[in-house]
Amino acid sequence: MAVYGKRVRRLDRWLVRGDSNQLGGRWRKLNVPTNEITPVDLSEWSGVAELWSPDGAERWWHGTCGVMSDDGHAVCSIPPAAFAGAEWQSRRHGTWKVTVTSPDKATVRTIGWGYWTLTG
């Protein structure tokens, strides 16, 4: 049985300083012979959200995903205090991604990515 993945599309996000923010993604798979789309059970997986500098050279923030669901969703919360430090006064935009890792650490997938802009 052949199962194919689909390219993860870019999603740009506005992040608000001093407020709760969330990043995440959804993983589904396509069974080509049956044309059935089913979610991947992520309930035993781990997930991480990362905020990177615009050039991708520096990771500015990372946090674990608090929601890993059996219907393919991974949701990572960014706490209101995350952007309170003085260094965030000059950090206005960059890239983000959410990756999930299997329980045996053998599989790592990016299920969400894009650009972010910090407001507030």
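The charge dipole of the chain, taken about its Cα centre with unit charges on the Cβ atoms of Lys, Arg (+1), Asp and Glu (-1) only, comes to about 400 debye.
Database remark: amide H of G25 closer than 5 angstrom to the amide H of A74 (H placed geometrically; neighbours at sequence offset of 5 or more, or on other chains; Pro and chain starts carry no H). Computed from backbone phi with θ = phi - 60° and the Karplus coefficients 6.51, -1.76 and 1.60, the 3J(HN,Hα) list for segment 109-120 is 10, 8, 10, x, 6, x, 10, 10, 10, 8, 10, x Hz; x is used for glycine and proline. For V67, the residues whose modelled amide H falls within less than 5 Å of its own, excluding neighbours fewer than 5 places apart on the same chain, are V75.
How much length is gained if the chain between V108 and H93 is pulled fully straight, taking 0.36 nm per residue apart and subtracting their Cα-Cα distance, in nm to one decimal? The V108-H93 span can extend by a further 2.9 nm. For the chain, taking the reciprocal of the average inverse distance between every pair of different Cα atoms yields a Kirkwood hydrodynamic radius of 15.2 Å. GNM remark for the chain: springs join alpha carbons under 10 Å apart, and the peak mean-square fluctuation among G56, G85, G94 falls on G85.
When GluC sites (Glu not before Pro) are flagged only if DSSP places them in a loop and at most 11 other Cβ atoms lie within 10 Å, the longest unflagged stretch of the chain comes out as 59-120. Between K29, K105, K97, the GNM of the chain built on Cα springs shorter than 10 angstrom shows K105 fluctuating the most.
Computed from the coordinates by the stated procedures, all read-outs in this text should not be read as laboratory data. What you are looking at is a predicted structure, and each value in this text was computed from that prediction instead of being measured. With ideal geometry, Cβ positions are generated from the backbone for all residues, glycine too; neighbour counts draw on all protein chains shown.
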